[in-house]
Amino acid sequence: MNLELILFFGTAGAAVATALLTVLLRNPVMSAISLIANFFCLALLYLSLQAQLLAVLQIVVYTGAIMVLVIFVIMLLNLQREERLTERYDLKKIAGAVLAAGLVLEMLYVFFSEEMPLGMPETPAGSSIGSVEGIGAALFGTFLLPFEVTSLLLLAGIIGAVVLARRRS
Amino acid sequence: MAVPLSFYLALSAILFTIGVVGVLTRRNAIVVFMCVELMLNSVNLTLVAFSSFLGNVTGQVLVLFVMAVAAAEAAIGLAIVIALFRNKQTVNIDEINILKW
């Protein structure tokens, strides 16, 4: 058992545990906080895959922007009345759990049943693929058009959010 | 990297399934939204793992685009939740059923 495997299993276990807490906790604020912990675990996994820029962006964009927005909205809506959030066990829940169990079993079967064609050839340590330089060169070279289209998408998102959240007079 | 690719894919599948369970079983619209984020992130993990194991940067660029789409989705989705709460005083998706015939 080498160090990388121990690190992987530790981070993976923490990621699964925080994801379960996100789904199971009744209080939406606690759900959001465990989701943030989950994002930190994923950032660690990105680091172990030598995707340094994405690890930083995961924390800055997801934790810093998206989750702050989510918590802000939870606070804004003032959802303290717990009876609005009480959830019962019913047929829909059981059906959902059964379907999800089938899904995960299928996926795990596919992943472990056949020989992965790319088991070993991998990025050498110290490779610059995940660095700012490597991603920037691809982003402003091959992927220039999608990059520019993304800015249009974000502009549409800004306008849509303002229009939707505006108070009708 | 001593960790095989299958382990990353299996972790990603488990995280995705937890997100699916959340979307199917939770009734609070904001929690459903967070579970969608969980699913997006598990797919991101798959992309980064493949990118790293193939030595190809394309997967990581795709993750950047997914993050941009997720940010736009967060802004729009939360604006919709606020507009719904303003009209119906609830975020329970069982009570938001006007479009259901």
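The values are calculated or read from the model by the stated rules, or taken from the named source; none is laboratory data. Computed from a prediction, not measured in an experiment: that's the story for all the values here. With ideal geometry, Cβ positions are generated from the backbone for all residues, glycine too; neighbour counts draw on all protein chains shown.
Scanning the stretch A:38-54 for residues that are more than 7 Å from every other protein chain (Cβ to nearest Cβ) and touching a residue at least 60 places away in the same chain (Cβ under 8 Å), we see that the one that is nearest to B:ILE80 (Cα to Cα) is A:LEU53. Applying the set (1) aliphatic (A, V, I, L, M); (2) buried (at least 16 other Cβ atoms within 10 Å of the Cβ); (3) over 23 Å from the mean Cα position of the chain (by Cα) to B:ALA75 leaves exactly one unmet item: (3).
Select from the stretch B:55-69 the residues that are surrounded by 20 or more Cβ atoms within 10 Å (Cβ to Cβ) and aliphatic (A, V, I, L, M) and list them in ascending order. Those that are surrounded by 20 or more Cβ atoms within 10 Å (Cβ to Cβ) and aliphatic (A, V, I, L, M): B:VAL57, B:VAL61, B:VAL63, B:LEU64, B:MET67. Is the stretch A:121-142 home to any residue that is under 30 Å from A:ASN27 (Cα atoms), modelled with pLDDT under 85 and part of a loop (DSSP other than H, G, I, E, B)? No; the residues of the stretch A:121-142 include none that is under 30 Å from A:ASN27 (Cα atoms), modelled with pLDDT under 85 and part of a loop (DSSP other than H, G, I, E, B). Counting the residues of the stretch A:19-37 that are in contact with a helix residue (DSSP H, G or I) (Cβ under 7 Å, 6 or more places away or on another chain), closer than 13 Å to B:GLY22 by Cα and free of Cβ contacts under 8 Å to residues at least 40 places away in the same chain gives 8.
Of the residues A:LEU103, A:LEU154, A:LEU118, the single one that is facing chain B (nearest Cβ under 8 Å), modelled with pLDDT under 90 and in a helix (DSSP H, G or I) is A:LEU103.
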